[in-house]
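Trainee: Before I ask anything, here is the structure I am working with.
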Amino acid sequence: MGMAAAESQFHVLAVDDSVVDRKLIERLLKTSSYQVTTVDSGSKALQFLGLYEEEQQQQTNPPQTPCVSPNNHHQEVEVSLVITDYCMPGMTGYDLLKKIKESSSLRNIPVVIMSSENVPSRISRCLEEGAEEFFLKPVRQSDLNRLKPHIMKTKIKDQQNLEKLEESEETQFQSSPPTLPLQEHQQQQQQEQQPPSNNKRKAMEEGLSPDRTRPRYNGIATLV
Amino acid sequence: MEVGQMQRSLVDYTKSLFLEGVLDGQFLQLQQLQDETNPNFVAEVISLFFEDSQRLLNDLTRALDQPNVDFKIVDAHVHQLKGSSSSIGAQRVKNSCIPFRNFCEAQNIEGCVRCLQQVKQEYFLAKNKLETLFRLEQQIVAAGGSIPTMELSF
C-alpha cells in the first residue's frame, strides 16, 4: 500500500522501437505503480530528457534562435530511470546509454537495457558502460522488482549532490575569504537544524517524505 | 448455448492453442496484466501485433522482391517480427523466424523466400485462432458470463 504510493512518484522513460513491446513495458511498469512515458527511439528519449537541445546549442556557435523547447535547462518531468531496448534502428540502446552516461546532467539516471538476444559480450559491454541491469525479453513482472533498488540508490546520490551544490552556491555568494570556512561550517550546522531549503524540499516532494529518506541517507553515509 | 458450456469450450480451445504450440506461456503473462483497470489489454496488444506484423510482412515481401536484396534490411524486419511474436507468446510465428534469420545471414534468397511463406502461414494461423479465441470470450461476456481464468499448469 505505502510502497505503491511511493513508486507512483517515480517516472520511468521506456524506449523501444516496437509498438507491441512499448505497450507491454508500459503496462508492466504501470502495474508496478510507476508513471511511464514511452518513446520509439533513442533520439526522442534524449529529447525528452532535454539533452538534444543542449547539444545543439553547444554546436551552434553563436546560438541562433533561443531554444524552442521548454526543456532547455531541465527536463520538465524528473525521470527516475530509463529502460531501453538494445536493438533499435539509428541510435541503439547502447548508444543511448553512452549519451546518458556522458552527460553531466543525466549521468545519475539509472539505465536498464532490454534485449531479446542473449549475447554475453553485449551484456557485459552494457554493464561496463554503466547500465544497471540487462533484462532478457520478453520482460516479466518479476524482472521489474529489480528496478526499485537502483532508483532508490540514485535518489540518495542526487540528494548528496544537491547538498554539495547548495554549499558551493553559498560559497559563491559570500564575499570575503578569511572567515569563510567557519561561516560555512556554521551555516551547515544551522541548515541541519532548520527546515529544508526550497531546493531540498522540491527534491523530497518528488521522492520520499523527509522522515523516511533521512535515516536511510544517514545509514548509507556512515557505511561509506 | 448456455454460459457454462461456452466457458468450457473457451478453456478447451485455449488449451488446444497451447498444445499445438500456437501460444506459449508469454500469452498467460499478458493475461495476468489484464485487470479491471485494463479490461481489454490482451486484445489491444494482440491487435497492435496484427497491425505491426502485417506491415512487417508487406515490407519483407517487398524487400525480397528487389533485384538486389538487402539482407540487412530483411534481417532487421525478421528480428522485429520475432521480437513482437515472442512478446505476445505467438510461439510458432517466433520459431519460424529462426531459420529465416539464418538464411539472411547466409544471404540465401531462395531460403528466405521459403521462410517468408512459412512465417506468413504461421502468422495467419495464429491470427485466425486468436480471433476465434476473442470471439468466444465476447460471446461469453455478451451472455452475461465471466471469462474463466486459465491455470498456469501447462
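Trainee: Starting from the Cα of B:Lys94, draw a straight line to each of the lysines and keep only those under 27 Å, dropping any in the same chain fewer than 8 residues away.
Mentor: The reachable lysines, counting only those whose Cα sits under 27 Å from B:Lys94, are A:Lys23, A:Lys30, A:Lys137, B:Lys15, B:Lys72, B:Lys82, B:Lys120, B:Lys127, B:Lys129.
Trainee: For peptide A:110-123, how many partner chain Cβ atoms fall within 10 Å of a residue's Cβ, on average?
Mentor: Going residue by residue through A:110-123 and averaging, the value is 1.
Trainee: For the stretch A:45-50, in order, what is each residue's ³J(HN,Hα) by Karplus, 6.51 cos²θ - 1.76 cosθ + 1.60 with θ = phi - 60°, in whole Hz (x at glycine and Pro)?
Mentor: Rounded to whole hertz, the list is 5, 5, 4, 4, 7, x.
Trainee: Rounded to the nearest 20 Debye, what is the dipole magnitude of chain B about its Cα centre when Lys and Arg each give +1 and Asp and Glu each give -1 at the C-beta?
Mentor: Using only the charged Cβ atoms, the result is roughly 360 debye.
Trainee: Please name whichever of B:Phe27, B:Val69, B:His79 sits farthest to the positive end of the charge dipole of the stretch B:25-82, dipole taken about the Cα centre and charges placed at Cβ: Lys and Arg +1, Asp and Glu -1.
Mentor: Value: B:Val69.
Trainee: To the nearest 10 Å², what's B:Ile109's accessible area with a 1.4 Å probe?
Mentor: 60
Trainee: Give the interface area between chains A and B as buried accessible surface, both sides summed, probe 1.4 Å, in Å² to the nearest 100.
Mentor: 1600
Trainee: Additional query: Any idea of the accessible area per residue across the stretch B:1-135, 1.4 Å probe, to the nearest Å²? Walk me through the intermediate numbers first.
Mentor: On the way: 6600 Å² over 135 residues.
That works out to 49 Å² for each residue.
Trainee: Right, something else. Between A:Ala14 and residues 5 or more places away or on another chain, which pairs have amide H atoms under 5 Å apart, with H built 1.01 Å from N, and which residues are they?
Mentor: Under 5 Å from the amide H of A:Ala14 lie the amide H atoms of A:Thr37, A:Thr38, A:Val39, A:Ile83, each far enough along the sequence or on another chain.
Trainee: A further question follows. Please compute the modelled spin-label separation between A:Glu167 and B:Gln54, points set 7 Å along Cα→Cβ, answer in nm with one decimal.
Mentor: 6.2
Trainee: Quote the FRET efficiency, to the nearest 0.05, computed for B:Gln117 versus A:Thr37 with a Förster distance R0 of 41 Å and r equal to the Cβ-Cβ distance.
Mentor: The calculated FRET efficiency here is 0.55.
Trainee: ³J(HN,Hα) across the stretch B:5-20 via Karplus (A = 6.51, B = -1.76, C = 1.60, θ = phi - 60°), whole Hz, x for Gly/Pro?
Mentor: Computed from phi, the couplings for the stretch B:5-20 are 5, 5, 5, 5, 6, 5, 4, 4, 5, 4, 4, 4, 5, 6, 5, 7 Hz.
Trainee: Here is a follow-up. Take peptide B:85-97, look around each residue's Cβ out to 10 angstrom, count Cβ atoms belonging to other protein chains, and average those counts.
Mentor: 2
Trainee: Related question: Averaged across B:43-52, how many Cβ atoms of other chains sit within 10 Å of each residue's Cβ atom?
Mentor: Per-residue shielding by partner chains comes out at 3.
Trainee: Please identify the longest segment of chain B free of exposed GluC sites (Glu not before Pro), where exposed means a DSSP state other than H, G, I, E or B and no more than 16 other Cβ atoms within 10 Å.
Mentor: Values: sites that count: B:Glu2, B:Glu20, B:Glu36, B:Glu151.
Here the longest segment lacking exposed loop sites spans B:37-150.
Trainee: I'd like the Karplus ³J(HN,Hα) series for the stretch A:136-153: coefficients 6.51, -1.76, 1.60, θ = phi - 60°, whole numbers in Hz, and an x wherever there's a Gly or Pro.
Mentor: 7, 8, x, 6, 10, 3, 5, 4, 5, 5, 7, 7, 3, x, 5, 5, 5, 4
Trainee: Between B:Phe124 and B:Asn68, take the C-beta separation as r, use R0 = 25 Å, and let me know the FRET efficiency to the nearest 0.05.
Mentor: That pair, B:Phe124 with B:Asn68, gives E of 0.30.
Trainee: Once label points are set 7 Å from the Cα along Cα→Cβ at both A:Gln47 and A:Asn118, what is their separation, rounded to one decimal in nm?
Mentor: 3.7
Trainee: Only sites in a loop by DSSP and with at most 10 other Cβ atoms within 10 Å count here; which GluC sites (Glu not before Pro) in the stretch A:73-151 make the cut?
Mentor: When the GluC sites (Glu not before Pro) of the stretch A:73-151 are filtered for loop state and at most 10 Cβ neighbours within 10 Å, A:Glu76 remain.
The values are calculated or read from the model by the stated rules, or taken from the named source; none is laboratory data. In this text the structure is predicted, and so the values were computed from the model without any measurement. FYI the Cβ positions are ideal-geometry reconstructions off the backbone, even for glycines, and counts take in every protein chain you see. Surface areas here come from the heavy atoms of the whole protein model, side chains and all, with no ligands, DNA or RNA. Shrake-Rupley method; radii C 1.70, N 1.55, O 1.52, S 1.80 Å.
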